[in-house]
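The values are calculated or read from the model by the stated rules, or taken from the named source; none is laboratory data. Source: prediction; values computed, not measured. Note: ideal-geometry Cβ built from the backbone for every residue, glycine included; neighbour counts use all protein chains shown.
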2 protein chains.
Amino acid sequence: MNNIKVDACFSPALYPVYKDDENIVVIIDILRATSAICTAFEHGAEKMIPVATVEEARVYKDKGFLVGAERNAVQVEGFDFGNSPFSYMGDTVKGKTIVITTTNGTQAIHAARNAYKVVIGSFLNIDALCKWLIEENRNILLLCSGWKNKFNLEDALFAGAVTEELNERSDQLEFGDACIALQHLYELALKDPYKFLNHSSHKERLARLNLKKDIKYCLTPNQTKVIPVLQGDALVNMLEVRS
Amino acid sequence: MNNIKVDACFSPALYPVYKDDENIVVIIDILRATSAICTAFEHGAEKMIPVATVEEARVYKDKGFLVGAERNAVQVEGFDFGNSPFSYMGDTVKGKTIVITTTNGTQAIHAARNAYKVVIGSFLNIDALCKWLIEENRNILLLCSGWKNKFNLEDALFAGAVTEELNERSDQLEFGDACIALQHLYELALKDPYKFLNHSSHKERLARLNLKKDIKYCLTPNQTKVIPVLQGDALVNMLEVRS
C-alpha cells in the first residue's frame, strides 16, 4: 500500500507548483475567512458562494443576496458583512445563501477549485476535519492563503497543527518538508498560540483595528464539527451532504 | 530612521510577490549549489557564470569553458562537474572562469538578477555574509531555491540561521513572518542540524546517492569569508572587488 502524501503550500500564487487535481485541498485563512465560513455553517447557513473579486460580489448584492466583502481586513462599503466571524452568527445567516469575497481566502479557493475536493479548515473545525481527512485515504495539500500571496504565520501554524493531528491519527502518512517544518513550529507554539503570534505581521494589522476578540475566537479549537466543501461554485456543509 | 526590513521567500516561483529591485537578495541553495559556489571562490575561482539551462551551459562548454551542470542531484553527462562542493577545489578551479547550471540555485539567481545586489549565501560563509549585510543597511530578501520550486527544509533552516545572526547583530531590523517562523525553526535545530534534516525529502534523495560527506560539509559554518556577488552575468568575489 502506498503512503498517503501530505504537503503544505504557503501561497495561492505557488499553488500551480503543488497542483494535483487528485488531491484533497484544505483551504486555510485563519484570520479570518475560513474561521468565518466555519462559523456561518455552524450557525445554519445553507450555502456560501466564494467569489474572487469585489465586482462579482456586487453583482450578487444587486440581485438581493447577503454578501460579505473584506479587503485589507476591513468591510467593503455597501456590503452586509466583512469577514469577522461574529458577523456570521445567529438568525442573520440561518438557512441563508451568503456570498463572500476576501483579500486572501477566496483567492485560495479559486486557485484550487479543480481539485478532487476543496474543504475549509480552521481551528474551529480541526478535529472533525482531521478525522474526515484520514477516512478519505487520499493525498492532501494544505493550502495557506497567506497575506497577499506572502507567507503568514497564523496559516502556517494551523497547517502545523493539522500535520501534528494527522500524524497522531495515522502512521501511513508521508509528510513533505513544509509539513515537517510546520509541525515543529506548532509544537513550539502549542503552549500559547496567541502569544506565539504576538509578533506576526497580520496580528499587528488586526490589533490596530481592535480585533483581539476575533483573534482569540479564531485560535480556539473545536467549536464546530462542520466541514465546508466546494460543490460546483458554492460551499456546503459536508456533514449535511452525507447524512 | 526607518527599520531595515528582512523577509524570506521559499521558492523562485514566488519571487515576483516579494520582488523589490532596491533589495539585496541572498540566494540560498544549501544542498548544494550555493555551497559549491562559495567553495569555488574560496579556492581561487575568478568568476562563475550561472546559467538557467543545460543548453546554455553546453554552448559555453563547446567554447572551451569549464562547466558544472547538475540536474536532479546528478552531474549531467559531458560536463566537467556536477554540484558537489568537493569538485570545486584546488588547482582545477584556481584563477578559472566556471559556468554552472543547477536544478534550483541558478534558477533563483536568474529570477532575482535585477535586484540591487544578488549575493550567494551558505553555511560556509554565513558570518562574513551577515556582517556585510548589516553594513549595507538596506532591505534584505532571503531567497530559498527550494526543490523544483517547492519549499525545502535545508534552505529554510539556513534562512533561519541568517535571521538569528542578523537579529543578534542589530536591533534596527524588522522581520517578516517567514523569518520569524524560520528563526524558531533554527533555534530548534541548532543542537544538531544534521539530525534535524534527517527526514527532509532532499536529504533522503542525496543519501540514496551516497552524499553524506557533501551534506556534512554543506552544514559546517564559516569555512570561508568569500561573498560571491552578481556583476552583470557573472558572480565574482566581493571581497576582491572591494580591496
Item checked: Residues (under 14 Å from B:Gly121 (Cβ atoms) and part of a loop (DSSP other than H, G, I, E, B)) located in segment B:213-243 -> B:Leu219, B:Pro221, B:Asn222, B:Gln223, B:Thr224, B:Lys225, B:Val226, B:Ile227
Margin query: So, A:Ile100, is that one surrounded by 20 or more Cβ atoms within 10 Å (Cβ to Cβ), under 25 Å from A:Tyr15 (Cα atoms), in contact with a helix residue (DSSP H, G or I) (Cβ under 7 Å, 6 or more places away or on another chain) and modelled with pLDDT of 95 or more or not?
Written below: yes
Notebook entry, point to check: For B:Ile134, are the conditions met, namely being without any contact (Cβ under 8 Å) to a residue 24 or more places away in the chain and of a type in the set (A, V, I, L, M)?
Noted result: no
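Looking only at segment A:1-19, filter to residues that are over 19 Å from the mean Cα position of the chain (by Cα) and touching a residue at least 60 places away in the same chain (Cβ under 8 Å); which one of those is farthest from the other protein chains (Cβ to nearest Cβ)? Break it down into steps so the answer makes sense when it comes.
Taking segment A:1-19 and keeping what is over 19 Å from the mean Cα position of the chain (by Cα), we get A:1-5, A:17.
Checking which are touching a residue at least 60 places away in the same chain (Cβ under 8 Å) leaves us with A:1, A:3-5.
Working: A:Met1: 20, A:Asn3: 13, A:Ile4: 15, A:Lys5: 10 Å.
Among those residues, the one meeting the criterion is A:Met1.
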Checklist line | Residues that are under 19 Å from A:Cys179 (Cβ atoms) and more than 9 Å from chain A (Cβ to nearest Cβ), drawn from segment B:122-154 | finding: B:Cys144
Notebook entry, point to check: For segment A:200-212, does any single residue satisfy the condition of being surrounded by fewer than 21 Cβ atoms within 10 Å (Cβ to Cβ), within 13 Å of another protein chain (Cβ to nearest Cβ), charged (D, E, K, R) and part of a helix (DSSP H, G or I)?
Noted result: yes
Note to self: On the basis of being under 16 Å from A:Tyr186 (Cβ atoms) and either surrounded by fewer than 23 Cβ atoms within 10 Å (Cβ to Cβ) or aromatic (Phe, Trp, Tyr) (or both), does A:Arg138 make the cut?
What the structure shows: no
Margin query: Here's a check for you: in segment B:155-167, which residue that is without any contact (Cβ under 8 Å) to a residue 40 or more places away in the chain and within 13 Å of another protein chain (Cβ to nearest Cβ) is nearest to B:Tyr18 (Cα to Cα)?
Written below: B:Gly160
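Got at least one residue in segment A:81-94 being within 14 Å of chain B (Cβ to nearest Cβ) and touching a Gly at 6+ places or on another chain (Cβ under 8 Å)? Step through it out loud before you land on a result.
Step one: of segment A:81-94, the residues within 14 Å of chain B (Cβ to nearest Cβ) are none.
No, segment A:81-94 contains no residue that is within 14 Å of chain B (Cβ to nearest Cβ) and touching a Gly at 6+ places or on another chain (Cβ under 8 Å).
So how many residues does segment A:104-122 have that are among the hydroxyl-bearing types (Ser, Thr, Tyr) and surrounded by fewer than 20 Cβ atoms within 10 Å (Cβ to Cβ)?
Initial filter on segment A:104-122 (among the hydroxyl-bearing types (Ser, Thr, Tyr)): A:106, A:116, A:122.
With the extra rule that they be surrounded by fewer than 20 Cβ atoms within 10 Å (Cβ to Cβ), the set shrinks to A:116.
Summing the residues that are among the hydroxyl-bearing types (Ser, Thr, Tyr) and surrounded by fewer than 20 Cβ atoms within 10 Å (Cβ to Cβ) in segment A:104-122 gives 1.
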Note to self: Would you confirm, using the coordinates I've provided, whether B:Ser87 is under 13 Å from the mean Cα position of the chain (by Cα) and hydroxyl-bearing (Ser, Thr, Tyr)?
What the structure shows: no
Notebook entry, point to check: Looking only at segment A:161-187, which residues are polar (S, T, N, Q) and either in a helix (DSSP H, G or I) or buried (at least 19 other Cβ atoms within 10 Å of the Cβ) (or both)?
Noted result: A:Thr163, A:Asn167, A:Gln183
Note to self: With the structure loaded, tell me whether A:Glu22 is away from chain B (no Cβ under 14 Å), under 17 Å from the mean Cα position of the chain (by Cα) and among the acidic types (Asp, Glu) or whether it fails that test.
What the structure shows: no
Next item on the list: Specify the residue that is farthest from B:Ala69 (Cα to Cα); the eligible residues are those in segment B:105-126 that are assigned to a loop (DSSP other than H, G, I, E, B) and in contact with a Leu (Cβ under 9 Å, 6 or more places away or on another chain).
Entry: B:Ala115
Notebook entry, point to check: Name the helices (runs of 4 or more DSSP H) wholly within segment A:1-93 that hold at least 1 residues that are loosely packed, with under 15 Cβ neighbours inside 10 Å?
Noted result: A:15-18, A:54-62
